[in-house]
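Heads up, the thing below is written out as structure tokens.
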Protein chains: 2
Amino acid sequence: MKKSLGAKTYVFPTPVFIVGTYDEDGKPNAMNAAWGGVCGSDPPALCISVRPSRKTMDNIKATGAFTVNIPGQEHVKEADYFGIASGHKEDKFKKTGLTPVKGDKVNAPVIDEFPLNIQCEVMGMMDVGEHIHIVGKIIDTMVDEEKTDENGVPDIKKIKPMTYNTVTNDYEAIGNTVAKAFRSGLEIK
Amino acid sequence: MKKSLGAKTYVFPTPVFIVGTYDEDGKPNAMNAAWGGVCGSDPPALCISVRPSRKTMDNIKATGAFTVNIPGQEHVKEADYFGIASGHKEDKFKKTGLTPVKGDKVNAPVIDEFPLNIQCEVMGMMDVGEHIHIVGKIIDTMVDEEKTDENGVPDIKKIKPMTYNTVTNDYEAIGNTVAKAFRSGLEIK
């Protein structure tokens, strides 16, 4: 039996994107964005939604660039901190001790300790109610070499990324493989 | 040591959204979208990216509505099938045996057997290269009553949603809770 819950963002999974930006003086900031995802293949692109009041929004408007950094479970505290502190008031990199490294492709900082880093240039923006929805063209994707598999690509089992549970506000692990895509459905096809 | 992989959509996690639509004659279709996520809180909104060649795109243009249906792991084959078959050529509901139920809030079908169903009205569209990025205002979220927790909200442990691994094309399970959001970071703050 289905039950209506009203207009809720009860969607699984949502990501733990740590968005890195510089302000106009080159000071780094980072925020935690659960609203976002991949939004294009050619060019590769991703999207994030940010409230206009955020320091990240000022920074993106100033530089036209941002990074998305995917933390492993070992950095859950830092990831959460990036979501509860304001870049208007705190130096989040100083407080976490994490290292912002200038992106070699865009004017935004990469978080060195996080295993997967995606450098983006702003392609477009769109108002979505209280958020500004930002589409970023992916210019480069970087991975820690020790977090790759035998093919040299990012290994989800080594990276141990998380998903944010929008219902209970938990960070959840991503676990075992269920099935192969483009293969398990062939039985029906 | 970081390694550059070029402009890749190697992002974790991406969802397994089964997008339900009707064509202008009321015939239901569904596709599997990994490109998408939540994109707004007020109003609650989510986004998906769809190629213009898809039957889903024709349908969304005709009706201005769609649903996002979240399958549990027990429906991984059906979910994958929705991604590898074309609505231009096959009756995907007939083939899977799944049940399209007309949404009570929007002109799009809800997949009855899937535990979480989100009814959306199109708010806006944006070209992102080869994809059209579609923002949907969430009108209602429905959940199977037996997949709720003690507070009556969707229980991720009972729903057993999946994430699509864009690197290896695997469906991955979402597993154990790592930490509480807005709490684990307080230690740093």
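Results, tabulated for the structure shown:
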| read-out | value |
| --- | --- |
| Test: residue in the stretch B:88-95 that is free of Cβ contacts under 8 Å to residues at least 60 places away in the same chain and touching a helix residue (DSSP H, G or I) at 6+ places or on another chain (Cβ under 8 Å) | yes |
| In the stretch A:105-115, the residues that are surrounded by fewer than 23 Cβ atoms within 10 Å (Cβ to Cβ), in contact with a Ser or Thr (Cβ under 8 Å, 6 or more places away or on another chain) and in contact (Cβ under 8 Å) with a residue 24 or more places away in the chain | A:N107, A:E113 |
| Breaking point among (1) part of a strand (DSSP E or B); (2) more than 17 Å from the chain's Cα centre (by Cα), for A:K94 | (1) |
| Whichever residue in the stretch B:116-148 is open to solvent by 30 Å² or more (accessible area, probe 1.4 Å) and in contact with a helix residue (DSSP H, G or I) (Cβ under 8 Å, 6 or more places away or on another chain) and, among such residues, is nearest to B:T56 (Cα to Cα) | B:V122 |
| Hits in the stretch A:137-176 - residues which are at the interface with chain B (Cβ under 7 Å from one of its Cβ atoms), under 26 Å from B:K180 (Cα atoms) and assigned to a helix (DSSP H, G or I) | A:I156, A:I159 |
| Residue list for the stretch B:111-136, filter: more than 8 Å from chain A (Cβ to nearest Cβ) and of a type outside the set (S, T, N, Q) | B:I111, B:E113, B:F114, B:P115, B:C120, B:E121, B:V122, B:M125, B:D127, B:I132, B:I134, B:G136 |
| Hits in the stretch B:41-67 - residues which are more than 7 Å from every other protein chain (Cβ to nearest Cβ) and under 22 Å from B:D170 (Cα atoms) | B:I48, B:V50, B:R51 |
| Only listed residue being farther than 30 Å from B:N69 by Cβ, outside any strand (DSSP E or B) and either in contact (Cβ under 8 Å) with a residue 12 or more places away in the chain or open to solvent by less than 30 Å² (accessible area, probe 1.4 Å) (or both), chosen from A:T21, A:T67, A:T56 | A:T56 |
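The values are calculated or read from the model by the stated rules, or taken from the named source; none is laboratory data. Keep in mind that this is a model prediction, so the values were computed, not measured. Cβ sites come from the backbone with ideal geometry, for glycine too, and all protein chains shown count toward neighbours. With ligands, DNA and RNA removed, areas are computed over all heavy atoms of the protein, side chains included. Shrake-Rupley method; radii C 1.70, N 1.55, O 1.52, S 1.80 Å.
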